[in-house]
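One structure below.
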Amino acid sequence: MERRKEKRISFCWPIWFGHDLNGAFARGQMADLCGSGVSFTAAENQCPKPGDHVLTRFSYPHPGEEFQMSSYYNWSEVLRVDPFLPGLKRVAMRLKTALPEMLTATEESEEQEYLVETA
C-alpha cells in the first residue's frame, strides 16, 4: 500500500544510522528517497524501532541530466518497521530537514532509479 504522496527516486546505496553522536553507526541499504522521507533495509538485530530518533547519514544523487551528489546528516524519526526478508526489516523514516532540491526535481521528472554495486 502506497503511503507517501511525493514522487521518489529508487536506488541501492548505503545509509548509516545511530542513536548517539559519538556512538557506533549501523549500516542499511537504501530502497528509495523523497524530499521528506527515506526507506531502507537493515539487519533485524540492528534495526531501530518506530518512534526512535536516529542520526542519519547518506549521500544521494540529484535527479536530472548531470550526475551531482549531496549528503544528508541529521536526525530522522522512524515511522514504521516492516518485515522484509528473513533477518532483514524495511524501515521508513521522516527526515528532520526536508531535501528541497529533491522536491522540485522529482516533481518535474519521472521516478528515477539509481543502482550501484555495494560490497
Inset, instruction - Would you list the strands (runs of 3 or more DSSP E) that sit entirely within segment 1-96 and hold 3 or more residues that are of a type outside the set (A, V, I, L, M, F, W, C)? - result: 26-33, 37-43, 53-61, 69-83, 88-95
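Results for (1) on the phi > 0 side of the Ramachandran plot; (2) modelled with pLDDT of 95 or more, shown as yes or no for each residue.
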residue: 36; (1), (2): no, no
residue: 42; (1), (2): no, yes
residue: 51; (1), (2): yes, yes
residue: 56; (1), (2): no, yes
residue: 88; (1), (2): no, yes
residue: 91; (1), (2): no, yes
residue: 101; (1), (2): no, no
residue: 105; (1), (2): no, no
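The values are calculated or read from the model by the stated rules, or taken from the named source; none is laboratory data. The model shown is predicted, which means the values in this text are computed figures rather than measured ones.
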